[in-house]
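The values are calculated or read from the model by the stated rules, or taken from the named source; none is laboratory data. Because the structure is predicted, anything quoted here is derived from the model rather than measured. Positions of Cβ are backbone-derived with ideal geometry, glycine not excepted, and every protein chain shown enters the neighbour counts.
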Amino acid sequence: MKAMVLDRYGKKRALRSATVPTPELRDDEVLVEVHAAGVNLLDSKLRSGEFKLILPYRMPLILGHDVAGVVVKAGPR
(Lines give C-alpha, C1' and ligand atoms only; values in the text may rest on other atoms or scores of the structure.)
Protein backbone atom coordinates (compact mmCIF):
# COMPACT_ATOMS: atom_id res chain seq x y z
CA MET A 1 0.00 0.00 0.00
CA LYS A 2 1.08 3.60 -0.49
CA ALA A 3 1.68 5.81 2.53
CA MET A 4 3.19 9.10 3.63
CA VAL A 5 5.92 8.07 6.06
CA LEU A 6 7.64 10.15 8.72
CA ASP A 7 11.14 8.84 9.50
CA ARG A 8 12.20 11.66 11.83
CA TYR A 9 10.72 14.80 13.31
CA GLY A 10 11.21 17.99 11.35
CA LYS A 11 9.37 20.68 9.45
CA LYS A 12 11.08 20.35 6.07
CA ARG A 13 11.54 17.20 4.03
CA ALA A 14 10.58 14.96 6.91
CA LEU A 15 7.93 13.09 4.91
CA ARG A 16 8.40 10.64 2.09
CA SER A 17 6.03 8.70 -0.13
CA ALA A 18 6.59 4.96 0.23
CA THR A 19 5.14 1.56 -0.55
CA VAL A 20 4.66 -0.31 2.72
CA PRO A 21 3.33 -3.80 3.51
CA THR A 22 -0.39 -4.18 4.15
CA PRO A 23 -0.78 -4.29 7.95
CA GLU A 24 -2.01 -7.36 9.80
CA LEU A 25 -5.38 -6.62 11.37
CA ARG A 26 -6.06 -6.99 15.06
CA ASP A 27 -9.43 -8.31 16.25
CA ASP A 28 -11.02 -4.86 16.52
CA GLU A 29 -9.55 -3.17 13.41
CA VAL A 30 -10.64 -2.62 9.82
CA LEU A 31 -8.66 -2.20 6.61
CA VAL A 32 -9.87 0.71 4.48
CA GLU A 33 -9.17 1.20 0.77
CA VAL A 34 -8.64 4.95 0.88
CA HIS A 35 -10.21 7.03 -1.88
CA ALA A 36 -9.44 10.45 -0.36
CA ALA A 37 -7.18 11.65 2.44
CA GLY A 38 -6.48 14.94 4.10
CA VAL A 39 -3.76 16.44 6.23
CA ASN A 40 -5.01 17.98 9.43
CA LEU A 41 -3.42 20.02 12.20
CA LEU A 42 -2.57 16.88 14.21
CA ASP A 43 -0.50 15.50 11.31
CA SER A 44 1.39 18.78 11.08
CA LYS A 45 2.11 18.85 14.81
CA LEU A 46 3.20 15.18 14.81
CA ARG A 47 5.59 15.88 11.93
CA SER A 48 7.21 18.80 13.74
CA GLY A 49 7.61 16.76 16.96
CA GLU A 50 5.39 19.03 19.01
CA PHE A 51 3.75 16.07 20.79
CA LYS A 52 6.72 13.71 21.00
CA LEU A 53 6.86 13.80 24.80
CA ILE A 54 3.16 13.04 25.33
CA LEU A 55 2.52 10.84 22.25
CA PRO A 56 5.61 8.63 22.01
CA TYR A 57 5.12 7.21 18.49
CA ARG A 58 7.75 4.87 17.11
CA MET A 59 9.37 5.75 13.80
CA PRO A 60 8.70 5.25 11.00
CA LEU A 61 5.21 6.67 11.48
CA ILE A 62 2.49 6.62 8.83
CA LEU A 63 0.58 9.88 8.93
CA GLY A 64 -3.04 10.40 7.97
CA HIS A 65 -5.98 10.53 10.32
CA ASP A 66 -8.67 11.89 7.98
CA VAL A 67 -9.64 9.38 5.29
CA ALA A 68 -12.65 8.35 3.23
CA GLY A 69 -12.96 5.01 1.52
CA VAL A 70 -14.33 1.49 1.55
CA VAL A 71 -13.82 -1.13 4.27
CA VAL A 72 -12.23 -4.12 2.50
CA LYS A 73 -11.50 -6.31 5.52
CA ALA A 74 -12.61 -6.42 9.15
CA GLY A 75 -11.32 -8.16 12.24
CA PRO A 76 -13.67 -10.63 13.96
CA ARG A 77 -14.81 -8.17 16.61
note = The lone condition L42 fails out of (1) without any contact (Cβ under 8 Å) to a residue 24 or more places away in the chain; (2) touching a Gly at 6+ places or on another chain (Cβ under 6 Å) is (2)
message = I need the full set of residues from the range 35-77 which are modelled with pLDDT under 95 and among the β-branched types (V, I, T), in order please.
response = V39, I54, I62, V67
key: Any pair with Cβ under 6 angstrom, 6 or more apart, that starts in the range 28-39 at a residue that is without any contact (Cβ under 8 Å) to a residue 40 or more places away in the chain and ends at one that is among the charged types (D, E, K, R)   = G38/D66
key: Residue list for the range 5-34, filter: in contact with a Leu (Cβ under 7 Å, 6 or more places away or on another chain) and at pLDDT below 90   = A14, L15
request  = Search the range 1-26 for residues that are among the charged types (D, E, K, R) and pair each with any residue that is part of a strand (DSSP E or B) and loosely packed, with under 10 Cβ neighbours inside 10 Å when their beta-carbon atoms are under 9 Å apart and the residues are at least 6 apart or on different chains.
outcome  = K2/S17; K2/T19
